[in-house]
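The values are calculated or read from the model by the stated rules, or taken from the named source; none is laboratory data. Keep in mind that this is a model prediction, so the values were computed, not measured. Cβ coordinates were reconstructed from backbone atoms using ideal geometry, including for glycine residues, and neighbour counts include every protein chain displayed.
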Amino acid sequence: MDSISASLLMTMATGAAGEAGRQLWTALSGLVRRGPAAAEAAATPGQATGEIELAALSEAPRDAARARALSEALGRRARQEPWFLAELAQWHRQAQRLDTGQGDTSNTISGGTQNGPVLQGRDFSAITFNVPGPGDTR
């Protein structure tokens, strides 16, 4: 599994990915708090689970250093716990669909007449404009 990017973690933590991102952040929080490592960490100081890093990023969601620290902690735990690796990989596949921090966009409008809304940006889906067309008197 590829490491989880700090930008993806920051996107989830800041809420920039909307409701779906909030749900994924909640799911990641639950995943980090589950399992043997979480239980062992309570009994063994110094055992890395990612909980400290998760809490730190929650407190300062735009802090890239905290996001990198969480990414590294998740990677360490995934290497130690096969069940966590599987669950984290599944979470990562879902979260990658929402990562809006990467990619380029170029918007150009030229020629002709545009009647109606013009939306410029990147990664739009399921957008509907309910406006009448030219000559429509609804």
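Does T137 satisfy the condition of being part of a loop (DSSP other than H, G, I, E, B) and either closer than 26 Å to A20 by Cα or modelled with pLDDT of 70 or more (or both)?
Here the answer is no, as T137 does not meet what is asked.
In region 32-57, which residues are part of a helix (DSSP H, G or I), modelled with pLDDT of 90 or more and crowded, with 20+ Cβ neighbours inside 10 Å?
Selection gives V32, E53, L54, L57.
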